[in-house]
Amino acid sequence: MPDSAKFYLTTPIYYVNARPHIGHTYTTVVADAIARRKRSIGIDTWFLTGTDEHGQKIERSAKQAGCSPQEFADRVSAEFRRLWDRMGLTYDDFIRTTEPRHKQAVQKLFALLRDNGYIYKGSYTGQYCVYDELYVEAPPGAPCPDCGRPTETVSEENYFFKLSAFERKLLEFYDQNPEFIRPETRRNEVISFVKSGLRDLSVSRTSFNWGIPVPGDEKHVIYVWMDALANYITALGWGTDDHSQFNKFWPADLHIVGKEISRFHCVYWPAFLMAAGLPVPKSIVAHGWLLFEESKMSKSRGNIVRAETILDVLGADALRYFLLREIVFGNDGSFSFDALVQRYNADLANGYGNLVSRTLSMIGRYFNGIVPEPVADQATSIHTQAPEVIATFAQHFDALDFSRALETAWAMVAATDGYLTATAPWKKPDSLTEEQQQALRSTVLYNAAESIRIITALVYPVIPDATAKVWAQLGLGDIRTADLRGLTWGGLQPGTTLGELAPLFPRADKEAITRMSELEQKNTPAANASSKTKHEGRISKLHSLIDGLAVAMAESTNETSTILAFESAIAETLRETGGGGRQHSTTPPDLAPGTQNPPPTPESASPAPSFSSGVGSVPGAPPLPAAPHTGTVVAPSATPATSGDKITIDDFAKVELRVAQIKVAERVPKADKLLRLEVDLGNETRQVLAGIAESYSPESLIGRKIVLVANLAPRKLRGFESNGMVVAATGADGKAVLATFAEEIEIGARLK
Ligand code: MSP
C-alpha cells in the first residue's frame, strides 16, 4: 500500500489518577475529527487512544482510595472508555499499559535498547517529582521547577538511557524534518532544549513497584515515560508474534499531544526509537491548553469541567463544534458555558440547523419531499462559491487549522441563507406566472439543498451526529459509510426522496447555562463545600485578585484606570464571596434567604474600598504586598534615590542576583505584557513571569542571558507561579530593556 493511503494517529494515553475532563476530551475529539475525515476520503486510518496506568502517582491514588492499583486503574480507565463511547468517538484501539500485550513488548524494547548498548546501570541521587514522574534539577526541599509541587529526595541505583548520544542526531533530524514538530514555537523550544545539552536519562525506578519490571532485574521497574511512549508501537503488535499491524501502520503519521508533554514526545521518544533501530514518527503536533477561569484546567487546580455536563444539556456535537471552532488549534483557549451556548445558538441552532430545517421543510411543502430539478438558470453565488469553499476547507482542515476550516464552511451557510432570503421561494411575485414561480422555486430549493449537502459532507468530521441526521434527511443514507471524496457541485440527484425531517439543534436559553453550572457543581466535590472550604475559596479568590492587580499594574500605562478596575473587581469579589460588609444588594451565597445583612447605611453604600485600605478589612484576605511584582524589576528611569532611601551593604547582600539563561519563553494568555519564562540557573530551572512582552518577542529571548533576582519568595500570577524577577530598566519610551552582559559569563554566576 502506498504510504499516503494509510494514516496512523494517536492521542496521549491519559493517566488514570483522575477522571476525564474536557481537557482530555479536547485532544481526543480533535483526533476523532481527523480520523473521520481521513476515513471519509478513503484513507486507511488507525486511531489509537488509551490509558497510562503505572507509576507512583497512581499507586498513591489507589492507596488513598483504599484499593489495589489494578482495581483503581480498571475503574478510571473504564470511565475514559465509557465517556469516549458515549461521545461516539471512533478510536480503533484503546490500549491500557497494564495489558499483557503492552507489558511484554515494553520489556522487549528495554532489552533491545540494553542489547544495543544504550542502557547502562549507574546510581543517582536527586530530587524527584512524583507528579511529573521525573527527576528534576532542584536542591533538596525545593519545589518542582515544572509544576511547583514538592519534590522528594530519592537515591537509587538506576538504569540509564544514553540520551546524550542522540544530541547531534536529533538536531540533524529536526533540521531535515521541519514538519516533525509543530507548531513552530514548540519546535524552537525543543531545539533549544536539545542544543543546551542532553544528559543521560534514568529509565528505571526501585523506590516503588507499580510498573513493568526490568527484564532480568526485577527489583527495578521501567520508567513510566518509557513504558507510556512505547504504547504507540505495542498497540500495533510490535514485540509480539504478529507484527502485521505494525508493518502496515508504523511510523505514526501524527501524534497529537498537549504542549506540556512535547519534550517527552519530541526528544525522548525519537531517541528511544533511534536506539532501537526503528523509524521515528512523521509528525508530532502539540496543542495549547484549555483554560477555565484563566488557568489550565486540571484536577489539582480544581477548575475542571466535565464533558458529561455538556453532553447532558447540549449534546456531543455542541461540545465538538465549540472545541474545534472556538479554539485556534495550537494556542491556548478559554472555555466558558456562556461562550459555549453563544456559539451553539449562533452557529448551530440559528445557522446550520435553521438552514437545513427551512430548506427541507420547503421541499416538503412545495415538492412533496422530493428533491426538485433546477430548471431556471439562476446564476447563484453559492453555486460558484462551492469549489473554492471545498478546497479552502480541505486546505485548512488538513493543516489542522480547524477553526478557519469551520469559518469557511459557515460562510457558505450564511451565503445559502442569504440566497434563500434574497430569492424568497415562498413568495409569488405578481410579475411571475405560476409556472415561472414553480421553476424558480425548484432551482432555488435544489441549490439550497445541494449547498447543504456539500456543507454537511465537509463538516461531518466535526459534528457527526447532526450531519448523519441531515444526510439521512437528504435521502442519502448513512454518512459514516459514504465516500466523500471528490466532492463537487451537482451530486444531489433531483428526484431523491427526502427522509423524515427532525429538529437538529433546539435553541438553548439562559436556563441551559444554569443547568450546566449546577450539574458541574454536583459533579465537583468542592461545590458541596463545608464552611471551611468556602472560607478557603474566599482566600483563594482574593489571592487571585491580588495576582490580578500585580499583573494589571505591570501591564498598565494608566494607573488610575487600573486602580478603578481593581476596585470594582474587589467589590465584585466581595459580593460573590459574601466576604465584605459593604455590598448588600445580593444575598451572600452562604446565607439562607431571610438571613441577609441589614440594608446598606449611607456610609456602607459609599464607593467600593480603595485597594490600600479596603482589602485589609476583608476577613481572610492576606495583606497586600507593598510592591506587587510580575517578575520584572524595572528601575525607574528618572527618579534618583533620595538619601533617605539608601541601604547598607548588608541590605544589598540580602538580594541574590544571578545570571540565568532563558530556555523557554511564551506569551501568557490574555496578558498583553506578560511572558512566561523558564530560565536555567546552572543548578536548577525556574519559571518566572516577566512583564516584557511589549519589548521582546518570545522567540528572540531563547538562549539569552539575563539577571535574575533569585531569592524572591514565589508568587502566583495568572495561575502561574513566578520564582524570581528579571532585572530590566525602563527606557525613555516606557519599554523594558533587559540587563545584560558585554562579556561571556557563566550561567548561575552571582552579581555582587
Ligand atoms: N500519561 C501522560 C501521557 C503519556 S503519552 C505517551 C499524560 N497524561 S495526562 O492524563 O496528564 O494527559 C495529558 C494530556 O491530556 C495533554 O497532553 C492533553 O492532550 C490533554 N489535556 C489534559 N488537560 C488539558 C487541558 N487543560 N487542555 C488541553 N489539553 C489537556 O500526560
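Tabulated data for the structure shown
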read-out	value
Unmet requirement for GLN395, which otherwise passes all of (1) crowded, with 16+ Cβ neighbours inside 10 Å; (2) within 30 Å of ALA33 (Cα to Cα); (3) among the polar types (S, T, N, Q)	(1)
Residue match in region 321-332 (condition: surrounded by 19 or more Cβ atoms within 10 Å (Cβ to Cβ) and farther than 24 Å from ILE256 by Cα)	no
Candidates ALA65, ALA18, filtered to the one that is more than 30 Å from ILE327 (Cβ to Cβ) and hydrophobic (A, V, I, L, M, F, W, C)	ALA65
Residue check, ALA671 within 24 Å of the chain's Cα centre (by Cα) and of a type in the set (A, V, I, L, M, F, W, C)	yes
Pick from region 233-261, criterion among the hydroxyl-bearing types (Ser, Thr, Tyr) and surrounded by fewer than 23 Cβ atoms within 10 Å (Cβ to Cβ), ranking: farthest from the ligand (Cβ to nearest atom)	SER244
Residue count, region 264-299 (criterion: within 13 Å of the ligand (Cβ to nearest atom), assigned to a loop (DSSP other than H, G, I, E, B) and in contact (Cβ under 8 Å) with a residue 40 or more places away in the chain)	7
Selection from region 349-384 of residues that are of a type in the set (Gly, Ala, Ser) and at pLDDT 95 or above	ALA349, GLY351, GLY353, SER357, SER361, GLY364, GLY369
Candidate set from region 14-72 (those that are within 16 Å of the ligand (Cβ to nearest atom), of a type in the set (Gly, Ala, Ser) and outside any helix (DSSP H, G or I)); member that is surrounded by the fewest Cβ atoms within 10 Å (Cβ to Cβ)	ALA18
Every residue from region 205-232 that is among the acidic types (Asp, Glu) and either within 32 Å of the chain's Cα centre (by Cα) or within 14 Å of the ligand (Cβ to nearest atom) (or both)	ASP227
Residues (under 22 Å from HIS102 (Cα atoms) and either over 18 Å from the mean Cα position of the chain (by Cα) or aromatic (Phe, Trp, Tyr) (or both)) located in region 10-49	TYR14, TYR15, VAL16, ASN17, THR45, TRP46, PHE47, LEU48
Unique match (being in contact (Cβ under 8 Å) with a residue 24 or more places away in the chain and touching a Cys at 6+ places or on another chain (Cβ under 6 Å)) among TYR159, TYR135, TYR131, TYR118	TYR131
Hits in region 301-315 (condition: in contact (Cβ under 8 Å) with a residue 24 or more places away in the chain, part of a loop (DSSP other than H, G, I, E, B) and within 13 Å of the ligand (Cβ to nearest atom))	ARG301, GLY302, ILE304, VAL305, ARG306
Residue within region 712-720 that is in contact (Cβ under 8 Å) with a residue 12 or more places away in the chain, buried (at least 20 other Cβ atoms within 10 Å of the Cβ), touching a Lys or Arg at 6+ places or on another chain (Cβ under 7 Å) and of a type in the set (A, V, I, L, M) present	no
Meets criteria (surrounded by 12 or more Cβ atoms within 10 Å (Cβ to Cβ), at pLDDT 90 or above, touching a Leu at 6+ places or on another chain (Cβ under 7 Å) and in a loop (DSSP other than H, G, I, E, B)) for ALA512	no
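The values are calculated or read from the model by the stated rules, or taken from the named source; none is laboratory data. Keep in mind it's a predicted model, so treat the numbers as computed, not measured. Positions of Cβ are generated from backbone atoms using ideal geometry, with glycine treated the same way; all protein chains shown enter the neighbour counts.
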